[in-house]
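What follows is a short report on a single structure.
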Amino acid sequence: MLDSLGFMVFETPVSLLLLIPTLAGVAVAVGTDNTARIPLPEPPRLIGTRLAWVSILTIAAAVAANLGQLIGPAVPWQAGLRNTLVHVSLAVVTSAVGYISVAWLPPVGLTLASMLFGYPPSEPRYYWWAVIMEKDVTPGQWAVVIGAFTVAASIYALAPARKLHLGKHPFTATPERQTPPLVRTKP
């Protein structure tokens, strides 16, 4: 349990197992990005493969984030899974729209805002937007989180197809990308 972060003291202690999914969400976003910017062919038929890739990475992140449950379950595994899905959704959307260098900002920002401002003064509950701090998961939270993940995965899977229709496909020939014709000189 964390009861402070440096000079900031929390009114309600927070379990570390609720914070680890922040890192897992950023890791999934990094895993879904073509950080080398290699112009790979991305035909629309790869949408299913991209959906499978983000799903596999999310499952691996959820398992990694919940490994702490083995030494002693401070919070239910459902809360860890919920938080992983929230952070993956935020980070993957940020990465899919082209801002991989700041994909960490929405998950970390939500976590810090929830830790510092997510509860009313002198009350043992959290605001609705600080859902990642709660230990219990409601059916409504499941619906919202699964919906958010579905939207984020769809944005990731459809991003190359959208770029193709907008003329931003990596293989679009522009004057600076065209190779000069071979010129033969006589010896």
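The values are calculated or read from the model by the stated rules, or taken from the named source; none is laboratory data. These numbers were taken from a predicted model, which means no experiment stands behind them. FYI the Cβ positions are ideal-geometry reconstructions off the backbone, even for glycines, and counts take in every protein chain you see. Note: accessible area is taken over every heavy atom of the protein model, side chains too, but ligands, DNA and RNA are not part of it. Shrake-Rupley method; radii C 1.70, N 1.55, O 1.52, S 1.80 Å.
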Surface share of carbon and sulfur [accessible, 1.4 angstrom probe, percent] for the range 96-143: 70 percent
Extension reserve of the Trp128-Met1 stretch, reckoned as 0.36 nm per residue once the Cα distance is removed: 43.6 nm
Length gained when the stretch Leu105-Ala64 is fully extended (0.36 nm per residue, less Cα-Cα span): 12.7 nm
Computed label-point distance, nm, for sites Ala113 and Ser154 using a 7 Å Cα→Cβ extension: 2.4 nm
Inter-probe distance in nm under a simple model that places probes 7 Å from Cα toward Cβ, at Thr138 and Leu51: 3.0 nm
